[in-house]
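The values are calculated or read from the model by the stated rules, or taken from the named source; none is laboratory data. Keep in mind that this is a model prediction, so the values were computed, not measured. We place every Cβ from the backbone using ideal geometry, glycine too, and count neighbours over all the protein chains shown. For accessibility, only protein heavy atoms count, side chains too; no ligands or nucleic acids. Shrake-Rupley method; radii C 1.70, N 1.55, O 1.52, S 1.80 Å.
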There are 2 protein chains.
Amino acid sequence: MTRPPIPTLDMEANTLTNPGIRTVAVLGGTGPQGRGLARRFAAAGLRVVLGSRTADRARAAAGELEAATGGQVEGADNLAAALLGEAVIVAVPWEAHAELLTELAPALAGKLVVDCVNPLGFDGKGAFALRVPEGSAAEQAAALLPESRVVAAFHHVSAVLLDDPAVEFVDSDVLVLGDDREAVDLVQQLVATIPGMRGVYGGRLRNAHQVEAFTANLISINRRYKAHSGLRVTDI
Amino acid sequence: MTRPPIPTLDMEANTLTNPGIRTVAVLGGTGPQGRGLARRFAAAGLRVVLGSRTADRARAAAGELEAATGGQVEGADNLAAALLGEAVIVAVPWEAHAELLTELAPALAGKLVVDCVNPLGFDGKGAFALRVPEGSAAEQAAALLPESRVVAAFHHVSAVLLDDPAVEFVDSDVLVLGDDREAVDLVQQLVATIPGMRGVYGGRLRNAHQVEAFTANLISINRRYKAHSGLRVTDI
């Protein structure tokens, strides 16, 4: 059986710094998921631009992350961050998703956009998946950003673990979904810069809904087992 | 942190044979998923009743499984199987799901019903999730079987691995979803009779859709990596 290579967990073998991405922008970079990813990318030696609604807030968070990681982290408003990033991670609340991407579409043209937004609702019984007219947050992004290369990833990684400097090894696979094979490969390489994490191709964007929605199940698991759960894919 | 116990992987500690389930019926038991589960339950010492549309076909498959496992396997039509099982596993094709459950509702009253049906479509680009008016196959089952205790489980386990006698250890967690805590616990115990598998509570039935639909992603993973993939939940 021939299998496509999966990015290795060995940081030495990481090829990202060669032809790959050197500057990652994180929109919503002051939220827990965004800041957790930014921390890991900065620690991996990537240049990181934190985006937020207000540049001041982003700069304050960037300064903290830079001091904590010894990496290179800047803060900016979301528009400036989008312009600076080679890869742009979308980690904003679902409620802000459509409006922000509509506004940033020209700035994101030609770029690799990595959507990690989970459209979820919450009530007394816990989390549940919201219906999205386009099918998923990722498909909404693809519809709003026809000039960008949209990939979906990082849905299931615990923000708590990402943002905890004491956690050296994040025990989780990341499903990477997209219709553009080269863009998916780049994001798999990006995942592999985080020790412990492995980027696994998870299907086309049309199958992103259930990956986003599955975060509701992980929240149920976390509540029942008092855990910060993640997923590993077996047999690969 | 106090965590609810997760059924152990150690067969010796399995409590199923005490107050739990002794007879498992598998509707659609001659299909790959149903037969694979039946094989494992028979090997674990449970009494298994294979159900099929035609009793003759079920009896032939039951004879083969009995010879292969040294267990106790009977064949019957789906109605007779439903009447015989304490737990009844629904492993029929999605296309047959609503009609069969409507027909069997009286026979399934009061029983533990374990739905493992994945409503999927297939085209040239692979598998994709179908929309289900009730939300999911499991919620459809719950709606059609108001007198039964409906739990959703076994969506992601590779039928190939289950049905391969050379595979002694099935490296996969099984998400068990339901609104009835005791019924969920029983199904977790049932999962634990299969070496390697662990039943993990995965949320309420309203979050079953994405678990069923996620099988489309595993099919994409299997195609890309030439694998029989499954899931493990980390940090529990």
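Applying the condition of being within 20 Å of A:E212 (Cβ to Cβ), touching a Gly at 6+ places or on another chain (Cβ under 8 Å) and more than 7 Å from chain A (Cβ to nearest Cβ) to segment B:210-236 and asking which residue is least open to solvent (accessible area, probe 1.4 Å) yields B:L218.
Name every residue in segment A:190-208 that is facing chain B (nearest Cβ under 7 Å) and either touching a residue at least 60 places away in the same chain (Cβ under 8 Å) or not charged (D, E, K, R) (or both), in order of residue number. Matches in segment A:190-208: A:V200, A:Y201, A:G202, A:G203, A:R206, A:N207.
In the condition set (1) open to solvent by 50 Å² or more (accessible area, probe 1.4 Å); (2) at pLDDT 95 or above; (3) acidic (D, E); (4) over 23 Å from B:R206 (Cβ atoms), A:E134 is compliant with all but (4).
Would a scan of segment A:120-137 turn up a residue that is out of contact with any Pro (no Cβ under 9 Å at 6 or more places or on another chain), more than 21 Å from A:G34 (Cα to Cα) and of a type in the set (F, W, Y)? Yes, because at least one residue in segment A:120-137 is out of contact with any Pro (no Cβ under 9 Å at 6 or more places or on another chain), more than 21 Å from A:G34 (Cα to Cα) and of a type in the set (F, W, Y).
Number of residues in segment B:137-154 that are within 14 Å of the chain's Cα centre (by Cα), assigned to a loop (DSSP other than H, G, I, E, B) and either surrounded by fewer than 19 Cβ atoms within 10 Å (Cβ to Cβ) or of a type in the set (G, A, S) (or both): the value is 1. Among the residues of segment A:123-169, those identified as within 12 Å of chain B (Cβ to nearest Cβ) and aromatic (F, W, Y) are A:F128, A:F169.
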